[in-house]
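S.K.: Take a look at the following structure, please.
Coordinate-derived values only; no laboratory data. Everything numeric here is computed off the predicted structure, so don't read it as measured data. Quick reminder, even Gly has a Cβ in these numbers, built from the backbone with ideal geometry, and neighbours come from all protein chains shown.
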Amino acid sequence: MAAGKKRSPVPERLPVPRTCKLYIKGAFVRPAAGRTLQCGSSRKERGGFVARIAHASRKDFASAVTAARQAFGPWAHRSAFNRSQILFRMAEMVDHRRAALEAGLRTAAGLTAKGAAEEVSVAADRLFWYAGWADKYSQVLGGANPVAAPFLNITIPEPLGVVSVFASTRSPLVGLVSAVAPVILSGNTAVVMVEGPAPTLAVDFAEVVAVSDVPAGVVNILTGPREDILPHAAAHMDVDGVAFFGGTVEEAKALEEASAGNLKRVHLFDDPEMGAWREDDMQSLYWIQPFLEWKTTWHPKGW
Amino acid sequence: MDSSEASGPELLFGHLWDYSPAAESPDSVAVADRYGHFINGKFVEGENHFPCVNPATGETLFEAASADRKMVNRAVKAARIAYERHWQGLRPVERGKYLYRIGRLIQERAGELSLLETLDSGRPIRESRSFGLPLVAAHFLHHAGWADKIEYAFPGKTASSLGVVAGVVPGDFPLLRAAWKIAPALAAGNTVVLKASEAAPLVVMGLAGIFEEANLPPGVVNILNGAEETGRILTTHRDADLVAFTGSAESGKQVRRSLAGTGKRLTLELGSKGIHILFEDAALDQAVDAVAAGVFPGSRLLVQESILASVVQKLKVRMATLRVGDPLDANTDVGPLSSREHLDRTGALVEAACDEGATLHQADCALPERGYYFRPAFVTEVAQASPVAREEIPGPVLTLLTFRTPAEAVARANNTCHGLTAGIWSNKGSRVLEVADQLRAGVVWGNTVDRFDPLSPFGGYRESGSGREGGLHGIRSCLEVR
């Protein structure tokens with residue numbers, strides 16, 4: 001730009017930015033109430049503006065639960081090996097989209113280049129780690145019981161059904177995959193609610209899901225304030241479990257109280273700082289377990 | 001098809017083959033006039049006594065105290081002190097040896113305990129002696145071995161005890177339910193305060209006597225008597241670390257609400273109406289016999305339409321040979337209901353179903369003059385939405401429903417918010433396995449019914465509870481796994 005010459009207010013090429021929508025039943029949809037929220041950036045560029053994100057309402061949550069319920073039976077009845085392959089594919093897609101994800105982490109979450117690269121690597125590796133569990137957790141957690149009578153007696157874990165996930169509000173990508181993977185790998189379907197710090201990453205993750213052969217309705221992703229959805233999720237009679245990350249003591253109490261209506265399985269998780277989320281102790285077989293039921297089957301043996 | 005043809009010739013017993021009375025003498029056990037509580041290793045006197053009735057006679061058998069807040073505090077404090085001073089730090093193998101000793105004593109005193117259970121709950125002596133008591137002893141013996149092996153139970157994790165367990169048990173199989181709460185809790189290193197059921201506290205006080213005889217350190221297990229209010233005080237006690245509750249779905253939800261936000265652990269075993277699916281290729285005589293013996297109390301039998309006439313006929317024949325009467329008689333199949341309230345409720349549900357157009361098939365046997373007896377019955381032509389098809393019936397009433405295809409059977413069985421037990425009767429292995437896969441229930445019995453074992457996890461899906469009792473999955477509820 002030559003000195004003294006004024007910069008043109010019209011750029012040479014106008015970008016075509018992505019509309020950030022909700023992801024319900026395998027489709028990107030606008031929020032039912034037509035509301036959006038401004039998603040800010042910690043950086044000064046573009047006046048701190050990154051994108052407008054969809055502001056999910058109770059109605060969007062209800063649609064997502066319906067989609068998740070429909071998807072549950074077929075997903076749970078897929079072979080464990082097949083579910084495992086689909087989670088591996090999700091890991092592949094995260095790694096493949098590394099450049100876009102890193103850029104998103106830098107602009108929306110204000111990560112350094114190094115931090116963004118690490119976040120994406122851990123997210124891919126974590127999906128890879130959980131993918132392998134899909135056809136193994138059952139052998140580790142269940143098995144044959146040698147009862148004192150001539151019977152075959154086996155206890156196997158089964159998925160609960162529809163699980164409402166309130167993902168981390170601190171770890172934009174690793175926190176998200178760490179919340180979703182252990183829920184869906186066993187055959188549960190999920191309605192995931194994502195609030196900050198960088199909800200555009202939730203849309204990036206929805207795009208990963210969309211190209212990973214995850215059947216429609218297995219993972220549904222909503223963005224917006226958690227407090228709008230939490231009471232409805234807790235009281236919804238067609239939700240079987242809730243995974244709640246972080247939050248206040250009051251929120252946890254309200255959730256546990258309202259969820260007694262249909263005895264939802266509620267599990268409260270910590271939500272540490274972004275760096276701590278990347279540690280190996282934030283992935284565990286015992287994060288799969290809270291969203292399982294145990295079925296014990298008897299059958300006589302004899303000539 | 002003519003129904004008598006369907007089931008073949010029928011054996012007419014008449015009164016020719018009547019059994020001679022074979023009643024156990026109730027005098028061989030001592031029943032006190034009044035029972036208090038068992039706290040800190042001692043039987044203590046209580047207040048606010050209420051009468052406990054022998055359901056076979058309707059007469060008051062003894063009186064039991066109701067623990068108030070002060071008494072509950074005393075018991076929880078004893079359990080806390082025992083946890084900190086004696087039990088938590090005890091070498092795990094020593095804990096195991098106490099459990100083993102308790103199991104052995106139960107075996108040795110099984111006759112006495114089964115009499116106490118039958119006197120108080122009305123369950124036929126044959127069941128309490130040959131089914132209940134062996135399971136109770138086995139439960140303690142099995143968990144004796146767990147006490148020193150917990151470090152191997154959860155790969156990659158460390159498990160530790162929780163503290164004080166507050167348990168509440170119902171009057172249905174009171175001793176077995178008490179064993180389910182106490183044995184895993186002790187093996188895991190916890191101490192216990194258990195509230196016995198107001199409907200059948202006698203045998204649980206008998207169990208307290210076993211703890212005393214076993215020299216279990218004082219306060220490790222404390223037993224309180226009382227009704228709902230005592231249960232509420234205990235389950236909401238601030239010094240209880242785990243609440244283990246068995247009871248109705250409604251009261252279970254109430255317990256869960258009261259614990260919201262406290263961070264306390266909770267396991268629930270709540271009721272549910274079991275369902276048993278009878279396919280046309282099943283071994284019908286075997287199935288009907290098992291159903292008549294085990295399923296009768298308040299279950300649903302889902303029969304494939306093509307065999308309905310035959311099943312109805314076989315059930316009638318089997319029902320006519322069920323022996324109803326004195327629960328202390330070793331030949332009795334069906335004893336009294338546990339209370340007047342249960343009897344009235346059973347009658348009301350059956351009457352309501354008949355008003356809606358259901359057909360009642362009831363045994364025409366003679367009933368004892370006194371006591372809460374109900375003639376075994378089954379109802380057909382019942383609407384799926386009828387209370388008799390949905391609610392738990394406390395009495396010996398079976399509800400027959402029909403289906404055409406396996407998919408319909410599964411859909412009907414799963415069309416409920418509960419899921420504790422289910423049964424499948426079919427001679428086709430692949431069908432049993434497929435249906436077992438699809439049923440949403442915590443325990444599935446294929447070509448059998450009412451089987452229990454200390455290492456077979458028991459517990460429900462959905463609103464039938466959370467957590468399991470028995471085996472590795474049961475003991476996990478009693479531990480903090482980090």
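S.K.: Taking 56 Å as R0, compute the FRET efficiency from the Cβ-Cβ separation of A:Arg13 and B:Leu433 and round it to 0.05.
M.R.: According to the calculation, E is roughly 0.35.
S.K.: Assign unit charges at the C-beta atoms only (+1 for Lys and Arg, -1 for Asp and Glu), then state the dipole size of the protein assembly as shown relative to its Cα centre in Debye, rounded to the nearest 20.
M.R.: Values: 83 positive and 87 negative charges, 771 e Å.
The calculation lands at about 3700 debye.
S.K.: Also, quick follow-up: Using the Karplus curve 6.51 cos²θ - 1.76 cosθ + 1.60 with θ = phi - 60°, work out ³J(HN,Hα) for each residue of the stretch B:364-376 in order, rounded to whole Hz, and write x for Gly and Pro.
M.R.: For the stretch B:364-376, the Karplus-derived couplings read 9, 5, 7, 10, x, 5, 10, x, 8, 9, 9, 5, x Hz, x marking Gly and Pro.
S.K.: How would you rank A:Ile154, A:Ile86, B:Ile424, going from fewest to most other Cβ atoms within 10 Å of each one's own Cβ?
M.R.: A:Ile154, A:Ile86, B:Ile424
S.K.: Which net charge results for the neighbourhood of B:Ser197, defined as the other residues with beta-carbon distances under 10 angstrom from its beta-carbon, given Lys and Arg at +1 and Asp and Glu at -1?
M.R.: Values: positive: B:Arg177, B:Lys195; negative: B:Asp120, B:Asp172, B:Glu198.
It works out to a net charge of -1.
S.K.: Compare the Cα positions of B:Thr332, B:Ser299, B:Gln107 along the charge dipole of chain B (+1 at Cβ of Lys, Arg; -1 at Cβ of Asp, Glu; about the Cα centre) and return the one farthest towards the positive end.
M.R.: Of the options given, the answer is B:Gln107.
S.K.: Let me ask you something else. For peptide B:254-265, how many partner chain Cβ atoms fall within 10 Å of a residue's Cβ, on average?
M.R.: Whole-number average of other-chain Cβ neighbours for B:254-265 is 4.
S.K.: Between B:Ser258 and A:Asp95, what is the label-point separation in nm under the 7 Å Cα-to-beta-carbon projection?
M.R.: With each label point 7 Å from Cα toward Cβ, the separation is 5.4 nm.
S.K.: Report the extension gain between B:Arg370 and B:Ala385 in nm, rounded to one decimal, defined as 0.36 nm multiplied by the number of residues separating them, less their alpha carbon distance.
M.R.: Values: separation 15, 0.36 × 15 = 5.40 nm, distance 3.42 nm.
Between B:Arg370 and B:Ala385, full extension yields 2.0 nm more.
S.K.: Next question. Once you wrap a convex hull around the alpha carbon atoms of the stretch B:193-286, what is its projected area averaged over all directions, in nm²? Don't jump to the answer; show the numbers that get you there.
M.R.: Details: hull surface 39.5 nm².
Over every viewing direction, the Cα hull of the stretch B:193-286 projects on average to 9.9 nm².
S.K.: Then there is this: How large is the helix-only mean residue ellipticity at 222 nm for chain B, computed as the sum of -39500 (n - 2.57) over DSSP H runs with n ≥ 4, divided by its residue count, in deg cm²/dmol to the nearest 500? Write out the running numbers ahead of the final one.
M.R.: Numbers: 16 runs with 172 residues, N = 482.
When only DSSP H runs of four or more count, the value is -10500 deg cm²/dmol.
S.K.: OK, next. List the lysines whose Cα sits under 20 Å from the Cα of B:Lys97, skipping any in the same chain fewer than 8 residues away.
M.R.: Candidates past the 8-residue exclusion: B:Lys149, B:Lys181.
S.K.: Quick check on the exposure proxy: order A:Tyr130, A:Tyr286 from fewest to most C-beta atoms within 10 angstrom.
M.R.: Exposure proxy ranking, most exposed first: A:Tyr286, A:Tyr130.
S.K.: Here is a follow-up. Work out how far the C-alpha atoms of the stretch B:16-73 reach from end to end along every principal axis, then list the three figures in whole Å, largest first.
M.R.: That gives 59, 23, 15 Å along the principal axes, largest extent first.
S.K.: Then there's this: Any idea how many Lys pairs in chain A come in under 29 angstrom at the alpha carbon, given 8 or more places apart or on separate chains?
M.R.: Value for chain A: 18.
S.K.: What's the longest bit of chain A with no exposed GluC sites (Glu not before Pro), using DSSP loop states and at most 16 other Cβ atoms within 10 Å as the test?
M.R.: In chain A, the maximal stretch lacking such sites is A:13-272.
S.K.: What residues qualify as long-range amide H neighbours of B:Ala22, i.e. H under 5 Å apart, gap of 5 or more or another chain, H built at 1.01 Å from N?
M.R.: Correct list: B:Ala330, B:Asn331.
S.K.: Assign one of three labels to the stretch B:8-109, namely rounded, prolate or oblate, based on the Cα gyration tensor with a ≥ b ≥ c the square roots of its eigenvalues; rounded applies when a/c is under 1.5, prolate when it is not and a/b is larger than b/c, and oblate otherwise.
M.R.: Values: a/c = 3.28, a/b = 1.71, b/c = 1.92.
Oblate, because a/c is 1.5 or more while a/b does not exceed b/c.
S.K.: Summing +1 for each Lys or Arg and -1 for each Asp or Glu, what net charge is found among the other residues whose Cβ lies under 12 Å from the Cβ of B:Asn73?
M.R.: With Lys, Arg at +1 and Asp, Glu at -1, the neighbours total +4.
S.K.: Moving on. Only Cα pairs within less than 10 Å get springs; with that Gaussian network setup on chain A, which residue of A:Ala190, A:Ala235, A:Ala131 has the largest fluctuation?
M.R.: A:Ala235
S.K.: Going by C-beta contacts inside 10 Å, put B:Trp146, A:Trp133 in order with the fewest on the left.
M.R.: On the way: B:Trp146 26, A:Trp133 23.
Taking fewest neighbouring Cβ atoms as first place, the list is A:Trp133, B:Trp146.
S.K.: Let me ask you something else. If amide hydrogens are placed 1.01 Å from N in the peptide plane, which non-local residues have theirs closer than 5 Å to the one on A:Thr223?
M.R.: So A:Thr223 has HN proximity to A:Ala56, A:Val194.
S.K.: At 7 Å along Cα-to-Cβ for each site, give me the label-to-label distance between B:Asp148 and B:Lys70 in nm.
M.R.: 4.4
S.K.: Here is a follow-up. Among B:His143, B:Val397, B:Tyr461, which residue has its Cα furthest toward the positive end of the charge dipole of chain B, with +1 on Lys/Arg Cβ and -1 on Asp/Glu Cβ?
M.R.: B:His143
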